[in-house]
Each structure stands twice: as C-alpha cells, then as structure tokens.
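Reading through the structure tokens given below for one structure.
The values are calculated or read from the model by the stated rules, or taken from the named source; none is laboratory data. From a predicted model like this one, the values you see are computed outputs, not experimental measurements. Here Cβ is always computed from backbone atoms with ideal geometry, including for glycine, and neighbour counts include all displayed protein chains. To get the accessible areas, we keep the full protein, side chains included, count just its heavy atoms, and leave off ligands, DNA and RNA. Shrake-Rupley method; radii C 1.70, N 1.55, O 1.52, S 1.80 Å.
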Amino acid sequence: VEYIDPGSKTVGGKTAEGGAFQISYDRLLIATGATPIIPDLPGFDLPGVMGLKSLEDGRRIKQFIEEKNVKRIVIIGMGYIALEMCEALRGRGIKVDMVKPRRAFLPWLQEDLGHMVRDEVEARGVGVNSGHGIKEIREGEGGLKVVCEDLTLDCEMVLSAAGIKPVSDIAEEAGLQLGPDRAIAVDRTLRTSEENIYAAGDCADAFHIVTGERVWIPLALRANRAGWAVADNITGKHVELDGVAGTAVFKVFDLQVAATGLNIHQAEEAGFDPVAAMIKSRTRAHAHPGSTKIGVSMVGDKKTERLLGVQMVGGEGAAHRVNAPAVALQARMTVGAFAESDMAYAPPFGPVWDPMLTAANQLLKKMR
Ligand SMILES: Cc1cc2nc3c(=O)[nH]c(=O)nc-3n(C[C@H](O)[C@H](O)[C@H](O)COP(=O)(O)OP(=O)(O)OC[C@H]3O[C@@H](n4cnc5c(N)ncnc54)[C@H](O)[C@@H]3O)c2cc1C
C-alpha cells in the first residue's frame, strides 16, 4: 500500500507484479508494524550487513553464515534482539562483538541488574564495546570492518540491531495524527484521528497504565490484543483497552531479564516521588538443588505508596514472576497491598518469601 485517501475512502499501491491497485473501504485498519532503523552511515548497504525483522531475514542470515563459513560477527546495538542473537550466534561457535554509541549497557535497567547481564554476556566470550560511535562499515581483506572513532572491529558479517521505528509514513501522509516516536495516535478504541480508520500493533501508540500518558511500546501481546479490539469495534461491539505496562522479558544465555512498569528515572520524569529498593534473593529454596541468584529492583511512589515498576534478572522464573507485579500495576495496587499478596511457596519454585515479596517489604521500609 502506497497511499490512503480518507476523502474517497480508498487505499492504493502496487501489487507484487508491479501493477497498480486501488481498494475502497468502509472502515480501515492500519497494521503496518515497525521496521529496523538503519543508520544513515556509509557501508550499511554492503553485502553481509543484515537486519533481523522477519522469518525471511532469519533464513537469509543463516544461509549467509553457512555459505560464507562466517566465524566473526559484529552486532550493532545491544537491545533484546541483539542479545538474543548474540546467544544464538555463540551457540554456533561464532565470535561475537557488540558495539553501540551509548556507554550504559542496558540503560533502562537498574545498574546492578545491568551489571549482572553484562557479566554473563562477557563470561560467554562476547566483546561488549559500549560507548563507541560507529562511523562507517568498510570492506576489508576477507570481510568487513566496523569503524568507530577509536576502535575497528573485523568480521565477515554485521547484524544491524540499532532499534526500530513505527511504519507510519502513509498514515502521516494521509493526515492522521502521530503520537510518541511517530507512532500513529489512537484512542482507547484504537480509532485514529480519522473516524473510519483504526490502527493496531507496532505502528500505533497506547496509553501507559501507570502514567496515563501516550507511549510507544511495540510488543506482541498488545499488537494482538489491539487487533482483536479493532475487529470487535468494527463489527458492532464496543471495546476500550486500558493500556500497557510495557511488561517484557527476554533470555540471554543462562539469565532471564524481565521488567514491567517504570524504572526510577521514568518515574521521576512522570512526576512521581519515586523510591527504589534493590534486593538479591534465590529462585528456589536455599537448600534446593538448582537454585540460582535473582536480583529485583522495585519502584514505588513515596506520596501515594503506589507500585510503579519492577525489574528483575535471574537464572530462572523471571518471566513468570514479572506477571504478578504486571497485574498489580493494572490493578493500581499500592506496594503495601502487593506485599500482602498470598503468593505460592514450595522449595522448587522459590523461597518462602518470594523475591517479589522481599522486594516489596524492603521498599515499604524505605518509603515509610
Ligand atoms: C527478532 C524479533 C524478536 C521479537 N521478540 C519478541 C518477543 O519475544 N516478545 C514480544 O512481545 N515481541 C517480540 N517482538 C516484537 C513483535 O514481533 C511485534 O510486536 C509484533 O510482530 C507486531 O505485530 P504487528 O502486526 O503490529 O506488526 P508486524 O508483525 O511487523 O506486521 C506488519 C506487517 O505489515 C506489512 N506492511 C508494512 N507496511 C506495509 C504497506 N505499506 N503495505 C502493505 N503491507 C505493509 C509488513 O510487511 C508486515 O507483514 C520481536 C520482534 C522481532 C523482530
């Protein structure tokens, strides 16, 4: 699709064969997703510089690695896709160097938790080069060179994972309002600024359940849920979505990283009076075999005692633990009410006091 004309209620563009098409609509759903940001620097169009968005991209990467017998890869970016790819590539015995301009490793993560992840990645032989602005990618002898101001990394393939942006150009050209990060602005029914046009998924914004403000947090559950809500709204039901907490989880080597809600900096920016508590606990009862470390950072508002966010890094169980605070955020619970939750205990699943409860109790002490 190349254009939307809200006046005549038509969309048009080109078919795969190159012929022009035009379709009229009564209601339109825009679900164009997001696309990788390709830095506007020399060399990002060279063969061997890849992005990862679709299954097809994944297949191309695999084929390139096999055909060229790739032994060294540089990953540009250190977000969750970069880290997941780093684990997959190390699993194939490939040497991996990561590089990015900002110094902080995972800037959105509480510092101690960020160090836990960085230590794990480095212990697996990955080069973590943060704080290096990339100048260009150059063809060199037998491969590619990622050139920074004060560092050059040799490799045979570059994976560019420097973030994503919403695909919102055709919506903007059609006069639709955009929200944060240029995502298409939608109300709680997923309707855009045009009455007959809806937008759902990574191309659209959402309301944050903690701040109430518009945010762009492109993740799969919200995309799916928003699609269903649009279907309901178009077919005569009335559905309003509450919003997102930004609940997310990923795995890197033997660690799971999970977060929901706001970190302390975001809470400050949103006008709260935030306090954070950081605790270290175990993922199973101490004596139980297989118990691993888990770190939890919990943030609450001193004024209202409202729970604002939780982050954790641990050897197991982070993905499912984070769902409890995610529900608490949705229910606008206070830290005190969350600390009273009757959570399950048995030795293979956690200590008697689940790390969520320990963090909430420590946070209460700091808030009162
Ligand atoms: C490598 C990777 C790992 C991920 N892992 C996770 C995860 O673990 N958890 C999680 O929650 N999320 C994850 N995500 C994000 C998740 O995939 C997205 O949130 C989700 O796919 C968004 O769905 P969507 O339908 O909005 O967009 P998409 O799935 O991107 O679909 C958009 C579609 O619109 C098409 N399109 C775009 N422009 C046009 C146009 N002009 N005309 C016609 N068609 C167009 C595109 O070709 C595409 O088919 C991951 C993403 C990637 C890339």
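Tally Lys/Arg at +1 and Asp/Glu at -1 over every other residue whose Cβ is under 12 Å from the Cβ of residue 262; what's the total? Please list the in-between numbers first.
Numbers: positive: 306; negative: 213, 268, 269, 301.
Its environment carries a net charge of -3.
Each residue of the range 120-130 was assigned a 3J(HN,Hα) from its phi angle through the Karplus curve 6.51 cos²θ - 1.76 cosθ + 1.60 (θ = phi - 60°); the sequence is 5, 5, 5, 5, 8, x, 8, x, 9, 10, 8 Hz, with glycine and proline shown as x.
How much FRET efficiency would the formula 1/(1 + (r/R0)^6) give for residue 135 and residue 37, where r is the Cβ-Cβ distance and R0 is 25 Å, rounded to 0.05?
Numbers: r = 17 Å, r/R0 = 0.68.
After rounding, the FRET efficiency stands at 0.90.
For the range 77-90, 3J(HN,Hα) computed residue by residue from phi via the Karplus equation (6.51, -1.76, 1.60; θ = phi - 60°) reads x, 9, x, 5, 5, 4, 6, 5, 5, 4, 5, 4, 6, 4 Hz, glycine and proline entered as x. The loop-placed trypsin sites (Lys or Arg not before Pro) in the range 66-109, going by DSSP, that have at most 15 neighbouring Cβ atoms within 10 Å of their Cβ come out as 68, 71, 92, 102, 103. Accessible surface for residue 235 stands near 110 Å², nearest 10, in the context of the full protein assembly shown (1.4 Å probe).
Find, among the trypsin sites (Lys or Arg not before Pro) in the range 270-365, those assigned to loop by DSSP (not H, G, I, E, B) with at most 12 other beta-carbon atoms within 10 angstrom.
On the way: sites: 280, 282, 284, 293, 302, 303, 306, 321, 332, 365; in loops: 284, 302, 303, 332.
Sites meeting the loop and neighbour criteria: 303, 332.
The distance separating the Cα centre of the range 331-361 from that of the range 25-87 comes to 39 Å. Here the label points at residue 56 and residue 26, each 7 Å from Cα along the C-beta direction, are separated by 3.3 nm in the simple model. Given the range 129-176, what whole percent of its Cα pairs are spread farther than 18 Å? For the range 129-176, the share of Cα pairs beyond 18 Å comes to 48 percent. Within the chain, the longest run free of GluC sites (Glu not before Pro) that sit in a DSSP loop with at most 15 other Cβ atoms within 10 Å is 18-140.
The mean of 1/r over all pairs of different alpha-carbon atoms in the chain, once inverted, gives a Kirkwood hydrodynamic radius of 22.7 Å.
Remark on residue 178: its backbone amide H falls under 5 Å from those of 185, a criterion applied only to residues 5 or more positions apart or on other chains, H modelled at 1.01 Å from N. Each residue of the range 285-300 was assigned a 3J(HN,Hα) from its phi angle through the Karplus expression (A = 6.51, B = -1.76, C = 1.60, θ = phi - 60°), giving 4, 3, 7, 7, x, x, 5, 10, 6, 9, x, 10, 10, 10, 10, x Hz with x at Gly and Pro. Near residue 157, once Lys and Arg are set to +1 and Asp and Glu to -1 for all other residues with Cβ below 9 Å from its Cβ, the sum equals +1. Considering every Cα-Cα pair within the range 127-211, what fraction, in whole percent, is farther apart than 17 Å? It works out to 61 percent of all Cα pairs.
Mean residue ellipticity, 222 nm, helices only, the chain: the sum of -39500 (n - 2.57) across DSSP H runs of n ≥ 4, divided by residue count and rounded to 500, is -7500 deg cm²/dmol. Per residue, the chain exposes an accessible area of 49 Å² to a 1.4 Å probe, with every protein chain left in place.
Working from label points 7 Å from Cα in the Cα-to-Cβ sense, the residue 268 to residue 239 distance is 3.9 nm.
Between residue 162 and 37, the built amide H atoms are under 5 Å apart, and every one of these is 5 or more places off in sequence or on another chain.
Other residues within the sphere of radius under 12 Å centred on the Cβ of residue 9, judged by their own Cβ, net out at -3 (K and R +1, D and E -1).
Considering all projection directions equally, how large on average is the shadow of the alpha-carbon convex hull of the range 244-368, in square nanometres? Mind showing how you got there, number by number?
Details: hull surface 28.5 nm².
Mean projected area for the range 244-368: 7.1 nm², to one decimal.
Partners of residue 293 within straight-line reach, counting aspartates and glutamates whose Cα lies under 14 Å from its Cα and excluding those fewer than 8 residues away in the same chain: 112, 119, 120, 254, 316, 354.
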